[in-house]
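These notes concern the structure reproduced below.
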Amino acid sequence: MNIEMDINRKIIDFVSYAFILLWGYASITKLYNWKLSRTEMHMQIFPAWIGDILFWFIPLLELFLVLVLLDRKRVTMGLKLSTLLIALFTFYLLIGVTGFFGEPCICAGILKGKSVTYHIVFNMVFVIFGIIALVLAQKGQNGKYITFDSGRKEGSQTI
């Protein structure tokens, strides 16, 4: 493995682990503080039944993403889904800034007490990281930099 491949692999790993920490913390916080999370979800503009669905769906989706990102064979899919989800959250916050749908829910608690603008910038950093990791992963899948299936093969003698 050359130096460029090693650096690209480390960048992809860094972004994957950053998403794992983000989704892990966000989901556990929502589930641990479930009464507050449910109340905040029901303060949104959409009907209560949608709030009930999202209250469970979002933290479970975040936990699912943690598991996908931990699976080396599915890390690219995890990066795609993570980048999409954080982009959707960012879009939701951007709409919220307009005041058209009321004040947006900042339900994760990661940046408790910070402004919506701060959250948007924070999320955009993750969107950019995700895009960079996906570009590097695509190069690896095309055989230019990184191979994702470099683990032990069945029947091989290497341990």
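Whether any residue in the range 37-44 is assigned to a helix (DSSP H, G or I), among the hydrophobic types (A, V, I, L, M, F, W, C), open to solvent by less than 60 Å² (accessible area, probe 1.4 Å) and farther than 16 Å from Ala133 by Cα is what I want to check. Within the range 37-44, one or more residues are assigned to a helix (DSSP H, G or I), among the hydrophobic types (A, V, I, L, M, F, W, C), open to solvent by less than 60 Å² (accessible area, probe 1.4 Å) and farther than 16 Å from Ala133 by Cα.
Let's see how each residue does on (1) outside any loop (DSSP other than H, G, I, E, B); (2) among the acidic types (Asp, Glu); (3) in contact with a helix residue (DSSP H, G or I) (Cβ under 8 Å, 6 or more places away or on another chain):
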{"residue": "Phe64", "(1), (2), (3)": "yes, no, no"}
{"residue": "Thr83", "(1), (2), (3)": "yes, no, yes"}
{"residue": "Phe91", "(1), (2), (3)": "yes, no, no"}
{"residue": "Lys112", "(1), (2), (3)": "no, no, no"}
{"residue": "His119", "(1), (2), (3)": "yes, no, yes"}
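With the condition kept exactly as written, say whether any residue in the range 12-23 is at pLDDT below 95 and at negative phi. No, there is no match, as no residue in the range 12-23 is at pLDDT below 95 and at negative phi. Checking Leu54, Leu79, Leu31, Leu22 one by one, the residue that is over 21 Å from Gly130 (Cβ atoms), assigned to a helix (DSSP H, G or I), touching a helix residue (DSSP H, G or I) at 6+ places or on another chain (Cβ under 7 Å) and touching a residue at least 24 places away in the same chain (Cβ under 8 Å) is Leu31 and no other.
The values are calculated or read from the model by the stated rules, or taken from the named source; none is laboratory data. Please read all numbers here as calculations on a predicted model, not as lab measurements. Here Cβ is always computed from backbone atoms with ideal geometry, including for glycine, and neighbour counts include all displayed protein chains. Note: areas computed on protein heavy atoms with side chains; ligands, DNA, RNA excluded. Shrake-Rupley method; radii C 1.70, N 1.55, O 1.52, S 1.80 Å.
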